[in-house]
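Every number here is computed from the coordinates shown, using simple stated rules; none is lab data. Remember, it's a predicted structure, so these values are computed and weren't measured experimentally. Please note: Cβ atoms are built from the backbone with ideal geometry, for glycine as well, and neighbour counts cover all protein chains shown.
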Amino acid sequence: MPQEGKRIKGSAGERAQARDRLRAELLSAARALADESAGFDSVTVRSVADRVGYTAPIVYQYFANKRALLVGLVDVGFAELADRLGRAQCPEEYARLGGPLLAVATAYWEFAAENPHLYRLMHTLPDVPFGTPEAPAAARECFGVLKAAADLGAPDHPAAKFDGDAVADLLWAHLHGLVSLALDGRIKGGPGRARDLLRDLTISFAGIPMPVE
């Protein structure tokens with residue numbers, strides 16, 4: 001039987017940690033339900049509560065409604081993507097994959113391929129601001145990593161004449177466009193060919209001569 005919730009005991013710090021753990025558990029439950037049901041449309045506050053063994057009012061203590069829960073997941077998704085992209089920005093990954101842009105493109109592809117429903121939510125949830133100071137902090141962090149990779153990997157890109165963010169904007173559009181088409185099954189040849197195209201487009205974006213095979 002679902003629990004109504006218990007008073008969290010302990011010091012103020014311990015209570016805060018317990019609340020953070022339960023909030024993270026609720027987000028993880030929503031994510032797992034989406035993976036099992038091919039998307040977030042069928043995820044409800046009640047189904048999330050049932051998943052963690054609590055009643056719906058417990059969820060409402062942390063999220064005002066389903067949208068608030070989804071916004072929380074958008075933050076989680078961008079935080080994970082920022083971490084993945086950040087870990088790709090190192091000399092070892094540059095050497096293994098062929099430079100900063102290919103390292104970032106590979107990390108971006110792998111995150112989306114491993115988390116397709118979360119990735120779609122991150123980019124399709126209505127009324128989440130982007131490109132403004134009100135954008136989610138983790139999304140701004142992602143853009144910062146992409147900008148660093150673009151500045152390092154394509155310093156002479158023609159789009160740099162527009163403004164300081166233009167090359168990074170184009171890089172994100174390039175990655176997101178091909179990844180989204182691949183996730184939706186719109187690229188001939190399936191994921192394998194789409195990933196090869198992503199690599200070749202990234203090489204072209206960086207202005208690196210294409211290898212002759």
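Loop-resident chymotrypsin sites (Phe, Trp or Tyr not before Pro) (DSSP state other than H, G, I, E or B) in segment 91-160 with no more than 13 further Cβ atoms inside 10 Å of their Cβ: Phe130.
Taking trypsin sites (Lys or Arg not before Pro) as exposed when DSSP calls them loop and at most 14 other C-beta atoms lie within 10 angstrom, the chain has its longest site-free stretch at 10-185.
Using C-alpha pairs under 8 Å with a sequence gap of at least 6, the mean separation divided by the residue count of segment 67-206 gives a relative contact order of 28 percent. What the phi angles of segment 138-147 give under the Karplus curve with 6.51, -1.76 and 1.60, with θ = phi - 60°, is a coupling list of 5, 5, 5, 5, 4, 4, x, 5, 4, 5 Hz, glycine and proline written as x. Here segment 27-96 and segment 146-183 have alpha carbon centers that stand 26 Å from each other. Less than 5 angstrom separates the built amide H of Tyr54 from those of Gln3, all sequence-distant by 5 or more or on a different chain.
May I ask for the net charge around Ala160, where only other residues with Cβ less than 14 Å from the Cβ of Ala160 are counted and Lys, Arg are +1 while Asp, Glu are -1?
-3
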